[in-house]
Amino acid sequence: MPLKFELAVQNSAGMRIAHEVGAARVELAQALTLGGLTPSPATIESVVAAASDNGPETHVLVRPRAGDFRYDDDEIAVVVRDIRHALAAGVRGVVVGCQDASGALNRDGLARMVDAADGAPVTLHRVIDVTPDPIASLQLARELGVCRVLSSGGASRAIDGLEVLRTLVAEAAGGIEVMAGSGITASDVTTIAATGVDAVHFSAKRTVTSDDSVRMGSADDGVGGYEITDRDTALAVVRALAYA
């Protein structure tokens, strides 16, 4: 069987591309340039509406802000409410994560998130890659009922985290899925798949630019660009994956 893959998308157009290229799931988010943030309720509704019975499942990233994952009680409460809203809108699962002051997974916070999902599949996002002990994080996620973890093997790009990915796969031993992601391209997806991961995750992004010269915020580089899901880039990865 070909390795399953998940496409990170930002809108219904991305969902349609994910369906065309055969994705098992989409991870719906906004602001992928920031690592992804919680999408708006209307965006969630439009992507759920664009999904079909035999197409990809919609899983929503619930991340209240950019930066680290050391959330305070108010932020965790927002995550819990966003999980419930997303599931009520018809998504199949959620993607979450949080750290405590030491940098390890926040057991109580993550347990609240899993509880809010009320049995729907929960994916632990790349917070695992910035915890001091990814293996301990995997074990805790499994203990709390998380169904999969998304990891780059503790590196900025999955191709540079192969050894940690192999270790995570060995520790998981089929009790929790390990999905590799971050910077995956057609040129390296087969190497990453060879680690034994259960799935791969990629965004197939393309930047659209304009000539706007007025900056809209401190993170705006003045180019006026934004990212979209690119069909040809996605297809190139899928075709390479067929040989994995």
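The values are calculated or read from the model by the stated rules, or taken from the named source; none is laboratory data. What you are looking at is a predicted structure, and each value in this text was computed from that prediction instead of being measured. Every residue, glycine among them, receives a Cβ derived from its backbone with ideal geometry; neighbour counts consider all protein chains shown. The area values use the complete protein model at the heavy-atom level, side chains included, leaving out ligands, DNA and RNA. Shrake-Rupley method; radii C 1.70, N 1.55, O 1.52, S 1.80 Å.
Of note:
- Answer residue from region 4-45, given it is hydroxyl-bearing (Ser, Thr, Tyr) and assigned to a loop (DSSP other than H, G, I, E, B) and is surrounded by the fewest Cβ atoms within 10 Å (Cβ to Cβ) among those: SER40
- Looking only at residues of region 50-61 that are in a strand (DSSP E or B) and either within 17 Å of THR131 (Cα to Cα) or of a type outside the set (S, T, N, Q) (or both), we find that the one that is most open to solvent (accessible area, probe 1.4 Å) is GLU57.
- Single match in VAL91, VAL95 (criterion: in a strand (DSSP E or B), touching a residue at least 24 places away in the same chain (Cβ under 8 Å) and surrounded by 15 or more Cβ atoms within 10 Å (Cβ to Cβ)): VAL95
- Screening SER52, SER40 for residues that are modelled with pLDDT of 95 or more and among the hydroxyl-bearing types (Ser, Thr, Tyr) leaves exactly one candidate, SER40.
- Every condition in (1) modelled with pLDDT under 95; (2) open to solvent by 40 Å² or more (accessible area, probe 1.4 Å); (3) in contact with a Gly (Cβ under 9 Å, 6 or more places away or on another chain) holds for GLU227 except the one numbered (3).
- Checking THR207 against (1) out of contact with any strand residue (DSSP E or B) (no Cβ under 6 Å at 6 or more places or on another chain); (2) free of Cβ contacts under 8 Å to residues at least 24 places away in the same chain, the condition it does not meet: (1)
- Considering region 107-150, the residues that are touching a residue at least 24 places away in the same chain (Cβ under 8 Å), more than 28 Å from ILE184 (Cα to Cα) and in a loop (DSSP other than H, G, I, E, B) include one that is least open to solvent (accessible area, probe 1.4 Å), namely LEU144.
- Qualifying residue in region 62-73 (condition: open to solvent by less than 30 Å² (accessible area, probe 1.4 Å) and closer than 24 Å to ALA13 by Cα): yes
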